[in-house]
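Student: Please see the structure below; I have some questions.
Please treat every number below as a calculation from the coordinates, not as lab data. Quick caveat, the model's predicted, so the values are computed rather than measured. Backbone-built Cβ (ideal geometry, glycine too); neighbour counts: all protein chains shown.
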Amino acid sequence: MSAVSDVVWRGCVIPDDLLYDVGMNVWVRPEADEVVLGMTDVAQTMGGRMVQVTWRRVGKTFARGRSVATIESAKWVGPFPTPLTGVLVAANEEAFGEDIAVANRDPYGAGWIARLRPERFDEERAHLLDGDAALRAYQVFLAEHDIHCYRCEE
């Protein structure tokens, strides 16, 4: 990962160079005309160790809030929603095929979930928080729910 700096709060890593949809627990990293999406450290902690990911079809357009994958973990089964409308251009199937817990170990690097070509980035950017604002939101959320993050071991 190439974060400018990682802030750690209650064990949860929140890189300050990403954008976040805190309600969806999704991070966004803009790269040229695409964005990389992944689950936050908070999300991987709440879900527990992943056991399966079911991917949606690459090439399909997804509206903001729609699921681009279904995550099944030790504690939870549910959607991985996209915080931006766009075309799914890649899914990280290979990394998860080699190590299903890759997002539990490295949620901001090798454990990315999807690449999307956003169609309304300028409009939908307003729903995303920068690192500082996300940190403040997560500080409140983590305290209210008494959450401390952890990562799966090898």
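Student: Could you tell me how far the Cα centroid of region 112-138 sits from the Cα centroid of region 41-68, in Å?
Tutor: Rounded to whole Å, the Cα centres lie 15 Å apart.
Student: Pop out the ³J(HN,Hα) list for region 114-130 in order, Karplus 6.51 cos²θ - 1.76 cosθ + 1.60 with θ = phi - 60°, rounded to Hz; leave Gly and Pro as x.
Tutor: 8, 10, 10, 9, x, 9, 9, 4, 4, 6, 7, 4, 4, 7, 9, 9, 6
Student: Among (i) 2.12; (ii) 0.96; (iii) 1.02, find the value of Cα Rg over 2.2 N^0.38 Å that was calculated from the structure presented, and write down its label.
Tutor: Of the listed options (i) 2.12; (ii) 0.96; (iii) 1.02, (ii) comes from this structure.
Student: May I ask you to sort Ile147, Ile14 by Cβ crowding, counting other Cβ atoms within 10 Å and putting the fewest first? Intermediate values should be presented prior to the final figure.
Tutor: On the way: Ile147 16, Ile14 27.
Result, fewest neighbours first: Ile147, Ile14.
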